[in-house]
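Please read the structure below before turning to the comments.
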Amino acid sequence: SNEIMQKVITNVPFQLESLDGIPKELQTLLFTHERVAPQWRNLLAHKTAFEADGISQEAIDYINKETIYKQLSQDRLPEEASSAQRRDLSGYLIRLYESAKLSQTAKMALIPAIPEPLYLVDFKNISNKLAEKMMDKFSFAPLCLQGLMNNHFHVFQKLLVGHWDEITPLLPQIRPDSQQYIALLNIPGVTSDQAQKIYDTIDPGIMRQIV
């Protein structure tokens, strides 16, 4: 019975490798007592079982534990994983990194597990140090770059310098304001050609504020 299973989960040390066939009413208890192997597929299965847009509190508490996030940082999807599985993991990681409940330490540790650039939009729960460390894990989608620029401008500058030809044409969609454009034009080491490429993207209304 479930009552016996709950006593076993609470009192007997063990670890399940998979949540296959486990009723969702027991999954919360399993995560609370660390009875589930720290693997992304188990966290994704837990989220699917609850059909939730967000991530459950017990999953956050589980991932926040040092022994767990260290193991998760080494866990990878298998080579044969489908694009849908990779997309599911990326979506899960986006919610983790945008969450105020997951510690910055855990977020820092999990960077190696990120399988592809993340389409992050909300950067308010990402510290400057974390943004700099995971700079090469951000999507170049304009909305993502805009969020990075408005929350961590110095990191955006570094990213621009490293990917000039890719990001400069996106500036009209990223929409820097006049002060941000001035700062971009004054990045140390910017060549006249690079400065001209920036000038070419500036909206006439903003240009009047600059000159």
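The values are calculated or read from the model by the stated rules, or taken from the named source; none is laboratory data. A quick note: this is a predicted structure, and the numbers were derived from the prediction, not measured. Cβ placement follows ideal geometry from the backbone for every residue including glycine, while neighbour counts extend to all protein chains displayed. In case anyone asks, the SASA skips ligands and DNA or RNA and just uses the protein heavy atoms, side chains included. Shrake-Rupley method; radii C 1.70, N 1.55, O 1.52, S 1.80 Å.
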(request) Output the residue which, of all residues in the range 46-66 that are open to solvent by less than 60 Å² (accessible area, probe 1.4 Å) and not in a helix (DSSP H, G or I), is modelled with the lowest pLDDT. (result) Ala52
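Which one of these is open to solvent by 30 Å² or more (accessible area, probe 1.4 Å), small (Gly, Ala, Ser), under 30 Å from Gly54 (Cβ atoms) and without any contact (Cβ under 8 Å) to a residue 60 or more places away in the chain: Ser99, Ser127, Ser192?
Values: Ser99 fails: open to solvent by 30 Å² or more (accessible area, probe 1.4 Å); Ser192 fails: under 30 Å from Gly54 (Cβ atoms).
Every option except Ser127 fails the conditions.
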(message) Would you confirm whether or not the range 172-179 contains a residue that is open to solvent by 20 Å² or more (accessible area, probe 1.4 Å) and hydrophobic (A, V, I, L, M, F, W, C)?
(response) no
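Quickly run through the range 132-144 and pick out the residues that are of a type in the set (A, V, I, L, M, F, W, C), part of a helix (DSSP H, G or I) and either open to solvent by 50 Å² or more (accessible area, probe 1.4 Å) or in contact with a Phe, Trp or Tyr (Cβ under 7 Å, 6 or more places away or on another chain) (or both). So that I can check it myself, show each step before the final result.
Step one: filter the range 132-144 for residues of a type in the set (A, V, I, L, M, F, W, C), giving 134-135, 138, 140-141, 143-144.
After this cut, where a residue has to be part of a helix (DSSP H, G or I) as well, the list is 135, 143-144.
Passing the criteria: Leu143, Cys144.
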(request) Any chance you could count how many residues in the range 67-84 are touching a residue at least 40 places away in the same chain (Cβ under 8 Å) and not in a loop (DSSP other than H, G, I, E, B)? (result) 2
(message) Would you confirm whether or not the range 34-42 contains a residue that is of a type outside the set (Asp, Glu), touching a Pro at 6+ places or on another chain (Cβ under 6 Å) and either touching a residue at least 40 places away in the same chain (Cβ under 8 Å) or crowded, with 17+ Cβ neighbours inside 10 Å (or both)?
(response) no
